[in-house]
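Below you'll find the structure, written out as structure tokens, and then a few comments.
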Amino acid sequence: MKRLRHQYSFLGIKYGLKSITVSLPGQKPQTYTKSDYTINSESRAYIDDSVLNRDFSTTGVYGALIAGYSLKGTSGAAAREWMAGIDSSFNATANNYCMTFVSWALNQAGVDSPNAHYAGKAIDWYSGRGKYDLIADGHTPNVGDTIFMGTYTEPGGHQVQGGYHAAIVIAFVPPDTVYTIEGGGAGTDVKVAKRSLSDMRDNSRIYGIGRNGGTGNGYVPLDSDIKVP
């Protein structure tokens, strides 16, 4: 079982090997140790019990989010170099890396992953396993799911809805707000974004959801630099 060797900020929480520090809006940060499971109710709104019960392990969809947050504000080099190591067709410096980032984060947490750098290939992977749902059919994302956006035109002219961009869901706030962490084009940094299921702009339109085993809506991030594409 993997464990954190460093502290990462995530949803206003710092996860360490021996403690969790919770920074709630307008309150002094509070630190809880590994043996302290009596988190007050307000703090519990920001902490998933399964994280505590896993002894601060970095597995599952929350582990994928923690891994993703470890690259926030960087060019995602760790993810890009990892993909180049498993797929020689991927150029670590020139190719877009949104799906690469998703695949890397899931892989780091031991979640079954498409290990793909192209969103269209990942859609096929999820679909082939019965794990792909369409927004048009009324489905909404869970925490840790992969969402697929925009339309990509493949060589030959075939259009793939959802093949343009991919991201990992941090939280879903009904009826249509989605918070994500995501990579992007070459030369861009990993960011936290606020998106909408009702956004019909083609490059931002969310077409489908790849299920990664998460349940529930997740917790709204406290980051001060959330991007609105």
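Answer yes if at least one residue in segment 166-185 is more than 21 Å from Tyr62 (Cβ to Cβ), in the same structural domain as Met83 (by TED's automatic domain parsing), in contact (Cβ under 8 Å) with a residue 12 or more places away in the chain and among the hydroxyl-bearing types (Ser, Thr, Tyr), and no otherwise.
No - not one qualifying residue is present in segment 166-185.
As for segment 165-174, it holds at least one residue that is in contact with a helix residue (DSSP H, G or I) (Cβ under 6 Å, 6 or more places away or on another chain) and of a type outside the set (A, V, I, L, M).
Scanning segment 123-151 for residues being of a type in the set (Lys, Arg) and within 25 Å of Tyr69 (Cβ to Cβ) gives a total of 1.
Okay, residues lined up against (1) over 30 Å from Gly216 (Cα atoms); (2) of a type in the set (A, V, I, L, M):
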site	(1), (2)
Tyr62	no, no
Gly68	no, no
Leu71	no, yes
Ala79	no, yes
Gly85	yes, no
Thr93	yes, no
Thr100	no, no
Ala105	no, yes
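Residues of segment 121-180 that are of a type in the set (Ser, Thr, Tyr), touching a Ser or Thr at 6+ places or on another chain (Cβ under 8 Å) and farther than 21 Å from Ser103 by Cα: Thr177 alone. For segment 122-148, a residue qualifies if it is over 19 Å from Asn217 (Cα atoms), surrounded by 17 or more Cβ atoms within 10 Å (Cβ to Cβ) and not β-branched (Val, Ile, Thr), and the qualifying residues are Ala122, Trp125, Tyr126.
Which one is modelled with the highest pLDDT among residues in segment 121-143 that are among the polar types (S, T, N, Q) and outside any helix (DSSP H, G or I)?
The extreme case among them is Thr140.
Evaluate segment 167-179: report whether one residue or more is surrounded by 24 or more Cβ atoms within 10 Å (Cβ to Cβ), within 18 Å of Leu134 (Cα to Cα) and out of contact with any Pro (no Cβ under 9 Å at 6 or more places or on another chain). Within segment 167-179, one or more residues are surrounded by 24 or more Cβ atoms within 10 Å (Cβ to Cβ), within 18 Å of Leu134 (Cα to Cα) and out of contact with any Pro (no Cβ under 9 Å at 6 or more places or on another chain).
Hey, could you check segment 58-87 for residues that are of a type outside the set (Ser, Thr, Tyr) and assigned to a loop (DSSP other than H, G, I, E, B) and say which is farthest from Ser103 (Cα to Cα)? Among residues in segment 58-87 that are of a type outside the set (Ser, Thr, Tyr) and assigned to a loop (DSSP other than H, G, I, E, B), the one farthest from Ser103 (Cα to Cα) is Gly73. Screening Tyr207, Tyr164 for residues that are within 23 Å of Ala78 (Cα to Cα) and either part of a strand (DSSP E or B) or among the polar types (S, T, N, Q) (or both) leaves exactly one candidate, Tyr164.
The values are calculated or read from the model by the stated rules, or taken from the named source; none is laboratory data. None of these values were measured; they are calculated from a predicted model. All Cβ positions, even for glycine, are placed from backbone atoms using ideal geometry, and neighbour counts span all protein chains on display.
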